[in-house]
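S.K.: Dropping a structure here in structure tokens format, bear with me for questions.
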Amino acid sequence: MQAVVITGASAGIGKEFARQLAMEGNNLVLVARRLDRLEALAGELRERNGIEVACIASDLAQPEASAELAKALEQQQIAVTGLINNAGFGDRGQFADLDLQRQLDMVQVNVTALVDLTWRLVPALKQAKDAFVINVASSAAFQAGPNMTIYYATKAFVLSFSEGLHEELKGNGIAVSALCPGATDSEFATEAHMTDTLLFKAGTMTTEAVVKKSLAGRRRAIVIPGLKNLLLVWMGKFSPRMITRRLAGMLQA
Ligand SMILES: NC(=O)c1ccc[n+]([C@@H]2O[C@H](COP(=O)([O-])OP(=O)(O)OC[C@H]3O[C@@H](n4cnc5c(N)ncnc54)[C@H](OP(=O)(O)O)[C@@H]3O)[C@@H](O)[C@H]2O)c1
């Protein structure tokens, strides 16, 4: 079957990507660690949208995970027409105080697995019509973020990688887009110990609105959903880096 692959589809933004892509009539491959959640979502989408859905349990913090995932897709004869690199997590706190392994896992999931999987799936995407890759970065990608330094750095990588790839692959008909949401209502804030931060107290967007913007703009290099987020990114662009990184640090102090 032809299908769109979504990593981190068991919750939040990834789950909403699954719902909206299913409504478009795409078959899906759902990937995350919590297989029970993926199976429940798959059942719902098969019934409601009449599509085919495969679920693959994968811990993307494991170095071999992307290779195993690509192999599973090949074995199941799934022709990939789209890829949503969405799986990711953050952690609030100072670099030197946070657990080292958790921060290395963050780099592995947010950056290395995303690069690894994209590289392995580009040949299949080149065969597909109107293929697309959406890499979920963040508004955190545009400046350094003290008190969440590694997370901000991983998202800066995702944005830069996506912009480069956007130019490299457009000749092959593959649209590559970096989605850069601000605070969004999902399990992310709890997972990252951020529920009581200024960033999340100032208001969140719904996953529904974020994903709608992303899919509508999937052929654009960068999508920043929400006027407030767009304004903050633009203000940051014209402010000295010393100011933007200090302000960003205050958001998760
Ligand atoms: N929410 C926000 O405010 C916000 C803002 C900007 C960017 N983002 C980005 O949006 C993306 C999605 O986050 P979200 O807000 O939807 O958070 P979420 O509700 O916590 O969902 C995170 C998803 O990533 C998966 N995941 C985490 N670690 C994984 C691992 N080791 N292996 C495989 N899958 C893993 C989780 O699945 P399992 O736990 O089942 O494995 C889950 O499906 C992330 O890249 C995040 O950085 C979020």
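S.K.: Sort the following peptides by mean Cβ neighbour count (other Cβ atoms within 10 Å, averaged over residues), highest first: 172-182, 93-103.
M.R.: Ranked from most to least packed, the peptides come out as 172-182, 93-103.
S.K.: At a 10 angstrom cut-off on C-beta neighbours, averaged per residue, how do the peptides 30-37, 236-243 rank from highest to lowest?
M.R.: Top to bottom by mean Cβ count within 10 Å: 30-37, 236-243.
S.K.: Can you tell me which aspartates and glutamates have their Cα less than 19 Å from the Cα of Lys15? Leave out same-chain residues fewer than eight positions away.
M.R.: Glu24, Asp36, Glu39, Glu44, Glu47, Glu52, Asp59, Asp185, Glu187, Glu191, Glu208
S.K.: If packing is taken as the average count of other Cβ atoms within 10 Å, what order do 187-197, 14-24, 116-126 fall into, highest mean first?
M.R.: Taking the mean over residues of other Cβ atoms within 10 Å, the ranking is 14-24, 116-126, 187-197.
S.K.: For Glu39 and Arg220 in the same chain, what is the full-extension length gain: residue separation times 0.36 nm, less their Cα-Cα distance, in nm?
M.R.: 62.0 nm
S.K.: Here's a follow-up. For the chain, modelled as a GNM with alpha-carbon contacts under 10 angstrom, which of Glu168, Glu47, Glu39 fluctuates the most?
M.R.: Glu47
S.K.: May I pose another question? Strictly greater than 24 Å: what percent of every Cα pair in the stretch 35-146 meets that?
M.R.: Percentage above 24 Å: 36.
S.K.: Next up: Give the relative contact order (percent, whole number) for the chain; include only Cα pairs under 8 Å separated by 6+ residues.
M.R.: 19 percent
S.K.: Going by alpha carbons, how many degrees (0 to 90, nearest 10) lie between the helix axis of 149-169 and the longest principal axis of the chain?
M.R.: Its long axis makes an angle of about 50 degrees.
S.K.: On C-alpha positions alone, give me the angle between the axis of helix 227-237 and the longest principal axis of the chain, in degrees, nearest 10.
M.R.: 60 degrees
S.K.: What is the angle, in °, between the Cα long axis of helix 65-75 and the longest principal axis of the Cα atoms in the chain? Nearest 10 is fine, range 0 to 90.
M.R.: 20 degrees
S.K.: While we're on this one: Cα-Cα over 32 Å: which of Lys71/Lys228; Lys213/Lys237; Lys71/Lys155?
M.R.: Lys71/Lys228, as the Cα separations exceed 32 Å there.
S.K.: For the chain, what does the accessible surface come to per residue with a 1.4 Å probe? Please give it in Å².
M.R.: For the chain, the solvent-accessible area averages 49 Å² per residue.
S.K.: Okay, next question. Which number comes out as Rg/Rh for the chain once both Rg and the Kirkwood Rh are worked out on C-alpha atoms?
M.R.: 0.95
The values are calculated or read from the model by the stated rules, or taken from the named source; none is laboratory data. Being a predicted model, the structure only gives us computed values, none of them experimental. For neighbour counting, all protein chains shown are included, and Cβ atoms are generated from backbone atoms with ideal geometry for every residue, glycine included. Note: accessible area is taken over every heavy atom of the protein model, side chains too, but ligands, DNA and RNA are not part of it. Shrake-Rupley method; radii C 1.70, N 1.55, O 1.52, S 1.80 Å.
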